[in-house]
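Presented below is the structure to which this report refers.
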Amino acid sequence: MKWFRKQTAPAGASVQLRETGYHPFGLLGQYVPMRSGEIRLYRAVREAVPVVDAAIYKLIRMVGGVTAACSDPAAERGLGEFLRTVPAGRGQYGVDAFLEGYLDALLTCGRAIGEIVPAAGNREIAAVLWGRVEDIEIREGDHPLAFTICGPDEQGRMGPLPCQDLLLFTPLNPEADSPYGVSLLRGLPFLTDILMKIYHTIGINWERCGSLRFAVTCRDDGNGQAEERSRMLAGEWSRAMQDTRSGSVRDFVAVGDVDIQVIGADAPVLDSEVPVRQILEQVVAKTGIPPFMLGLSWSSTERMSSQQADMLTTEITAIRRTITPVVERICRLWLRMHGYTCGFEVLWEDINLQDEVEDARAALYLEQARKLRLENDAAEAAAFHTRREV
């Protein structure tokens, strides 16, 4: 007698990968920003729109140079020579050259990274360099004051860099939920995409106007030779166009009902002045620079008003406040390496945005006010002595 073992159904395995319900916009909560890709996007914006590139360079130049004043004259002379001659990499010298590259990354990428390189023996600063922000990451600590700058090691893995005290890091307008700053160009990629579409369309239209396409229509007159005539017309038309490209002039003669039209000649070309100006207005508003300084003649006057000068001065002062701690760290380290314990102050060049005539007129008004003040003081003193004698 043959016995059959009763087969039991296998137990169901628990599924490890499963789908959960999300609302239609649930992907927005799972979005992880690609920081390096965002930086490449901002650099592409600068390359595609010359106005943006010119605005950033003008902001960097208007920030101006920097010096330092010390209570000790010897320390001030040595520190000034160091700030003027310190190597900044890539054939550049001086802290001003370092700040130009540092500011370029700060405004474009929203953050900047630099490094103080000590010489052998740690008695001198050999160089002050700026680096690629794409190669670093920021790891926040237990409290807002603690963060670590990480970079790739020999195996390409991200890890804390060894000498954190020698690294310089500055975010531009950082947000509360991220240690990374905000680029000056945030919000412009969308407008840049529209602007590039307009420019590309203009180029295609001009290419079409410069290289015309023709439609040659040969109508049948009833004798059944339309096909043969069309082949003959096509050959003659092709030879005529080839001779035209070589610079010679050749007439085209056809017999019968032949109609020649330019393809697309009746299509109107859209006016691009208004949309391009609207987009450029948004770009100029983002940079904070008056339009005429970027080559845009939108008004009847090219003089900078006092309100525009004040606003631009405020923008430059804000940028200076952002990078002043970096200069202070460099100066402080140099002074301590050379045994100076005196205090110092970082001094920026004066911001000059007005005409020389306006500056001279302002100086004249100040001198006139000073003269009147001295005359009034002298008259009051004489009257006081007269009353006292009486």
Subject >> For F147, distant residues with modelled amide H under 5 Å away >> reply: G141
**OP:** Please state, rounded to one decimal and in Å, the Kirkwood hydrodynamic radius that the stretch 105-162 gives when every pair of distinct Cα atoms enters the mean of 1/r.
**Re:** 13.2 Å
**OP:** Enter the Cα centre distance for the pair the stretch 58-131 and the stretch 168-196, rounded to the nearest angstrom.
**Re:** 24 Å
**OP:** Amide H neighbours of A112 under 5 Å, at least 5 residues apart or on other chains, H built in the peptide plane: list them.
**Re:** T170
Subject >> Computed log₁₀ I(q)/I(0) - Debye formula, equal Cα scatterers, no solvent, the stretch 141-211, q 0.11, 0.21 Å⁻¹ >> reply: -0.57, -1.01
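What trypsin sites (Lys or Arg not before Pro) in the stretch 105-157 are in a loop by DSSP, with at most 11 other Cβ atoms within 10 Å of the Cβ?
Working: sites: R111, R123, R132, R139, R157; in loops: R123, R132, R157.
When the trypsin sites (Lys or Arg not before Pro) of the stretch 105-157 are filtered for loop state and at most 11 Cβ neighbours within 10 Å, R123, R157 remain.
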Subject >> Amide H contacts of G159 (H built 1.01 Å from N, under 5 Å, at least 5 apart or other chain) >> reply: G151, D153
Subject >> Whole-Hz ³J(HN,Hα) from phi, Karplus 6.51 cos²θ - 1.76 cosθ + 1.60, for the stretch 124-137, glycine and proline x >> reply: 7, 8, 6, 6, 10, 10, 10, x, 8, 6, 5, 8, 10, 9
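Each reported figure results from applying straightforward, stated rules to the coordinates on display, with no laboratory input. Since we're looking at a predicted model, the values are computed, not measured. In this analysis, Cβ positions are derived from the backbone assuming ideal geometry, glycine residues included, and neighbour counts consider all displayed protein chains.
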